[in-house]
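The next block holds one structure in the form of structure tokens; read it before the comments.
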Amino acid sequence: MRVDLFDFELPTDNIALRPVSPRHAARMLVVPGDGDFGDVSVTDLPEQLRRGDVLVFNDTRVIPARLEGRRGEAKIGATLHKRVDLRRWQAFVKNAKRLRIGERVEFPAGVSAVAESRSDDGSFVLAFDGDEPVEVLLERAGKMPLPPYIAGKRPTDERDLIDYQTMFAEEDGAVAAPTAALHFTPDLMKSLSGAGIRTETLTLHVGAGTFLPVKADDTDDHAMHAEFGRIDAETAMRLNAVRASGGRLIAVGTTVLRLLESAADEGGDIQPFEGDTRIFITPGYTFKAIDGLMTNFHLPKSTLFMLVSALMGRERMQAAYKHAIDEGYRFYSYGDSSLLIPG
């Protein structure tokens, strides 16, 4: 499909630079398969679901993966996006023309790395010096990797260390937050439990590739980035039991949806999964594992807007986004939410 079919105009005033407080006070647009849109709050989520439904969350934890350093007199910025092994990470490099293979970049707090190789997507493999895990080095030298549409408008600060992390974050490895879950608080979780709505977690380490623009003119020519995910056997068994008993699986975020669909067999049963997924979901895809999606509002012509268009229909989502823009919903990572329930 043509990528420009997924374009829309978004006023800059609709882009959120900070989350609302408390988190569950964000607005939520309910988009059913047909019928009117619903303008509610995230606090109304228990009333929008059914007893026996299960919300599936991503427990990945964002690491401070953005580094600013020097190679000689040249400023070099690096955003780590995927682990290779204990000492090496793939990274998108700012000012890449000033960095050659074999050269060392000096970062703050005594952290340094050598540009070991370069991938087809333009990213570098950085091999870090020393014996400590890279995550330990990042705690000393790194910054929270806010999305470019926020970082380009204001500096990262101490608030982002908390704001850009979900309450479910346990497994280090993401370089972008699974932002749909940023709206959840202990109070909301208590309300959901009281309404008979259960929860499960899985792990998908979100990569910086999620923010890469689709440069191809046709979706068939876009190379999807890889992200590591894991669903253990016990979780897969419980998720399958929910659907077998008539409950619905509601993915909280596109990361959860992509991993569940990657793990599902042709019959719709979710299998244990551990490895990379490059699944690219566009209109025409047949969903096998999920019954609904809670997600924030996404960028024009992005793979994520293509995904929600595949779930609900492109024209339906164009109408939903126009409604959201007209009604002043806040977009992107720190913005408001939507609940998509296909017919």
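The values are calculated or read from the model by the stated rules, or taken from the named source; none is laboratory data. Quick caveat, the model's predicted, so the values are computed rather than measured. No Cβ is skipped: glycine too gets one built from the backbone with ideal geometry, and neighbour counts run over all protein chains shown. The area values use the complete protein model at the heavy-atom level, side chains included, leaving out ligands, DNA and RNA. Shrake-Rupley method; radii C 1.70, N 1.55, O 1.52, S 1.80 Å.
List of remarks:
- Among the residues making up segment 248-295, those that are in contact (Cβ under 8 Å) with a residue 40 or more places away in the chain, in a loop (DSSP other than H, G, I, E, B) and buried (at least 20 other Cβ atoms within 10 Å of the Cβ) are Gly253, Ala289, Ile290.
- Residue under evaluation Gly152, criteria (1) over 21 Å from Gly173 (Cα atoms); (2) at pLDDT 95 or above; (3) open to solvent by 50 Å² or more (accessible area, probe 1.4 Å); (4) not aliphatic (A, V, I, L, M), criterion not met: (2)
- Residue satisfying condition, being among the aliphatic types (A, V, I, L, M), modelled with pLDDT of 90 or more and open to solvent by 80 Å² or more (accessible area, probe 1.4 Å), within set Leu161, Leu146, Leu137: Leu161
- Residues that are acidic (Asp, Glu) and closer than 15 Å to Ile15 by Cα were ranked within segment 315-340; the one that is surrounded by the most Cβ atoms within 10 Å (Cβ to Cβ) is Asp336.
- Qualifying residue in segment 278-294 (condition: of a type in the set (D, E, K, R) and modelled with pLDDT under 95): yes
- Filter result for Pro64 (part of a loop (DSSP other than H, G, I, E, B), closer than 19 Å to Val134 by Cβ and open to solvent by less than 40 Å² (accessible area, probe 1.4 Å)): yes
- Condition met for Glu170 (more than 17 Å from Glu68 (Cα to Cα), surrounded by fewer than 20 Cβ atoms within 10 Å (Cβ to Cβ) and at pLDDT below 90): no
- Top-ranked residue in segment 178-215 [being at pLDDT below 90 and in a loop (DSSP other than H, G, I, E, B); ranked as farthest from Ala289 (Cα to Cα)]: Lys215
- Qualifying positions in segment 72-108 - on the phi > 0 side of the Ramachandran plot and either basic (Lys, Arg) or at pLDDT below 95 (or both): Gly72, Asn95
- Between Thr254, Thr277, Thr219, the distinction of being among the polar types (S, T, N, Q) and more than 16 Å from Pro178 (Cβ to Cβ) belongs to Thr219 only.
- Among the residues listed as Asp39, Asp44, Asp34, the single one being over 23 Å from Ala174 (Cα atoms) and in a strand (DSSP E or B): Asp39
- Positions within segment 123-148 being part of a helix (DSSP H, G or I), touching a strand residue (DSSP E or B) at 6+ places or on another chain (Cβ under 7 Å) and not hydrophobic (A, V, I, L, M, F, W, C), in sequence order: Glu135
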